[in-house]
Amino acid sequence: MLRKRIIFSLIYSNGFFNQSRNFQLQKVGDIKWLENFYKFQKISFSIDELLIVNANKDKKDINEFSKNVSKIVNDVFVPISAGGGIKSISDAELLFKNGADKIILNTVLIENKELITDLVKKYGSQSIVASLDYKIINNKIIFFNNDGTNEIHYSCNDYIRYVQSLNVGEILLNSIDKDGTG
């Protein structure tokens, strides 16, 4: 029997960490607030993994985001997955250098298949997480990218097969309809 895992998620946007409900963001605090109220060095013993997602809907500043990732993961000894806005090997490298064990990819899965191939070759498939955002519309699963705004025109089975063909290590399914609803 598989053991249940506790994966703690942080949503980052425009310099603040946010609560998300149905992909609508509400600010809760900046990095100082997060450091004061969440001692990740202590709570990391109670979680199995930490996801940090850059959900900025404007320009995603990978440099600023990676600095925040570095501050959060200092002395945290659980796997760290970070992503959002990765468009190149150097973006991925920056996150790995700042504490990510795995990178999370979404929009580039469709827009730049060659980048996925290069990332898998350089870092290994175990370090690549494909994040798939979906809604159920008329009893059909419809996938989206670009922060849940752009519909991907694949059937559910075809898109899953396509993502598997990229040799990613993990697939993370995000329900836009149930996001943040517990």
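The values are calculated or read from the model by the stated rules, or taken from the named source; none is laboratory data. Quantities reported herein were computed from a predicted structural model and do not represent experimental measurements. Counting neighbours? That spans all protein chains shown, and the Cβs are built from the backbone with ideal geometry, glycine included. All accessible areas refer to the heavy atoms of the entire protein, side chains included, with ligands and DNA or RNA removed. Shrake-Rupley method; radii C 1.70, N 1.55, O 1.52, S 1.80 Å.
Structure summary
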item: Filter pass, I152 being within 21 Å of P79 (Cβ to Cβ) and surrounded by 17 or more Cβ atoms within 10 Å (Cβ to Cβ); result: no
item: Members of segment 155-171 that are under 22 Å from Q126 (Cβ atoms) and either open to solvent by 50 Å² or more (accessible area, probe 1.4 Å) or of a type in the set (S, T, N, Q) (or both); result: R161, Q164, S165, N167, E170, I171
item: Matching entry among F96, F65 (being farther than 16 Å from G124 by Cα, in contact with a Phe, Trp or Tyr (Cβ under 8 Å, 6 or more places away or on another chain) and touching a residue at least 12 places away in the same chain (Cβ under 8 Å)); result: F65
item: Answer residue from segment 122-178, given it is in a loop (DSSP other than H, G, I, E, B) and of a type in the set (G, A, S) and is nearest to K97 (Cα to Cα) among those; result: G124
item: Enumeration of residues in segment 108-124 that are surrounded by fewer than 20 Cβ atoms within 10 Å (Cβ to Cβ), closer than 21 Å to L51 by Cα and β-branched (V, I, T); result: V120
item: Qualifying positions in segment 125-149 - open to solvent by less than 30 Å² (accessible area, probe 1.4 Å) and among the β-branched types (V, I, T); result: I128, V129, I142
item: Selection count where residues are under 25 Å from S127 (Cα atoms), open to solvent by 60 Å² or more (accessible area, probe 1.4 Å) and at pLDDT 85 or above, scope segment 7-52; result: 2
item: Residue within segment 125-136 that is over 19 Å from L34 (Cα atoms), among the acidic types (D, E) and touching a Phe, Trp or Tyr at 6+ places or on another chain (Cβ under 8 Å) present; result: yes
item: Number of the exception - E114 against (1) under 16 Å from I11 (Cβ atoms); (2) more than 13 Å from the chain's Cα centre (by Cα); result: (1)
item: Filter result (open to solvent by 30 Å² or more (accessible area, probe 1.4 Å), in contact (Cβ under 8 Å) with a residue 24 or more places away in the chain and outside any loop (DSSP other than H, G, I, E, B)) within segment 68-90; result: S70, K71, I89
